Amino acid sequence: MNQLGGAKRIVVKVGSALLVGAGGAADAHWLHAFAADIARLRERGQQVLVVSSGAVALGRRRLGLTRRALSLPEKQAAAAAGQSALMRAWEEAFEPHGLSAAQVLLTRDDTEIRRRWLNARATTETLLALGVVPVVNENDTVTTEEIRYGDNDRLAARVAQMIGADLLVLLSDVDGLYTADPRRNPDARHVGHVERLTPEIEAMAGGANAGGVGTGGMATKLAAAKIASAAGCATVIALGHRPSPLAALEAGERATLIAPSTTPAAAYKAWIAGSLAPAGALVVDAGAAAAVRRGKSLLAAGLRRVEGRFEKGDAVVILDEGGAEIARGLARYEAADASRICGLKSAAIEPAIGYTSGPVVHADDLALVQADAAR
């Protein structure tokens with residue numbers, strides 16, 4: 001599949017049904033073949049993040065909780081017992097390929113609350129820059145039904161959104177979307193490409209899996225694809241129950257591609273411009289205003305005044321000296337420190353406040369207001 005070969009940053013979701021064998025232990029054979037897939041992508045310069053289920057399934061076996069449905073405390077205990085086994089399985093699979101894995105445990109708040117989102121993004125970006133493969137899972141040891149993602153398909157979509165991925169691969173027990181459930185309807189037709197997730201497309205999906213160790217179904221995968229699409233990320237739903245499923249995709253095996261509705265950069269800018277309530281304002285001089293209008297970062301040298309009380313990572317409006325709004329962005333300094341560095345050259349920032357976070361608002365975290373964007 002061309003989308004896999006052309007993607008720079010890829011999130012792959014692996015469910016419990018793929019990772020955990022019939023006996024309740026990790027499927028080492030499948031994991032080693034999949035690790036070879038990841039190594040091949042990495043050798044091509046692509047960055048890969050894995051969202052992995054399996055902690056609860058592996059923990060059930062370790063704790064002997066194998067014959068009945070689990071209560072919430074038992075699920076949390078199984079997750080605690082199984083998470084180390086899950087990471088050991090990934091590390092053993094990656095090691096022959098010279099790859100290192102890093103565990104990242106998230107709760108819904110980590111992708112919904114802005115400051116925690118920024119921290120999670122910074123950690124993940126650093127791991128990717130260091131050449132590590134982040135292995136992400138929901139932190140089931142502390143989450144409750146009220147604050148869960150609900151399934152790792154949705155978690156994978158939120159992670160793809162958070163890191164600006166351009167491809168999300170959801171490995172499934174079927175080779176993509178069908179017009180109906182192919183296990184029940186022999187006349188169901190495979191849908192290879194979805195340009196837009198319409199109600200008619202969504203109606204093709206059924207509910208959650210009827211059995212097995214996983215919790216997701218086609219409906220959850222389309223819901224995840226909807227999140228990814230709005231974030232500028234394409235989604236591929238592909239069969240995971242085969243060795244080297246990513247290599248199979250590139251060899252032309254059947255799958256479903258769901259196109260993005262925008263680009264990751266445009267989606268991020270739109271989120272800054274329209275979804276965040278500003279906590280303060282930055283008043284800039286004419287030179288800085290002109291630079292910001294050209295899409296450049298806001299430097300402290302052009303900062304004239306700071307208004308309001310805000311923390312690092314909060315949304316702020318950028319105003320010219322006449323009070324006209326130029327842009328909105330995410331501040332890299334809290335209000336008190338931003339006030340202290342007004343008018344300073346970059347080299348003078350660290351001596352003044354003891355650290356530097358670069359520009360006051362980086363160009364990547366800045367969205368022009370529409371009047372300026374149209375100039």
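Here, each number is a calculation from the coordinates, and none is a lab measurement. Keep in mind that this is a model prediction, so the values were computed, not measured. Reconstructed Cβ throughout: ideal geometry from the backbone, glycine too, with neighbour counts over all protein chains shown.
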### Summary
the stretch 269-373: relative contact order from alpha carbon pairs under 8 Å, six or more residues apart, as a whole percent, is 34 percent
### Task
Apply the Kirkwood formula to the stretch 64-114: the hydrodynamic radius equals the inverse of the mean of 1/r over all pairs of different alpha-carbon atoms; give it in Å with one decimal.
13.4 Å
### Task
With a Förster radius of 22 Å, plug the Cβ-Cβ distance of Ser100 and Glu250 into 1/(1 + (r/R0)^6) and report the FRET value to the nearest 0.05.
0.35
### Relative contact order of the stretch 2-262, defined on C-alpha pairs under 8 angstrom at six or more residues apart (%)
22 percent
### the chain - charge dipole about Cα centre, Lys and Arg +1 at Cβ, Asp and Glu -1, debye rounded to 20
80 debye
### Message
For the stretch 1-72, take N as its residue count and report Rg(C-alpha) divided by 2.2 N^0.38 Å.
### Response
1.38
## Note on the structure
Kirkwood radius from Cα pairs of the stretch 2-262 plugged into Stokes-Einstein at 20 °C, 1.002 mPa s, gives D in µm²/s equal to 117 µm²/s
### Summary
At q = 0.19 1/Å the base-10 log of I(q)/I(0) from the Debye formula over the alpha-carbon atoms of the stretch 243-375 is -0.98
### Query
Using r as the Cβ-Cβ distance of Leu72 and Ala22, and R0 as 41 Å, what FRET efficiency do you calculate, to the nearest 0.05?
0.95
### Query
Given a Förster distance of 41 angstrom, what is the FRET efficiency for Glu195 paired with Glu311, based on the Cβ-Cβ distance and rounded to 0.05?
0.50
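When the helices in the chain are scored as -39500 (n - 2.57) per DSSP H run of 4 or longer and the sum is shared across all residues, what 222 nm value do you end up with, to the nearest 500 deg cm²/dmol?
-11000 deg cm²/dmol
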### the stretch 118-141-the stretch 149-205 distance, computed between alpha-carbon centres (Å)
24 Å
## Note on the structure
Simple SL model, points at 7 angstrom along Cα→Cβ for Glu91 and Ala259; separation in nm is 4.5 nm
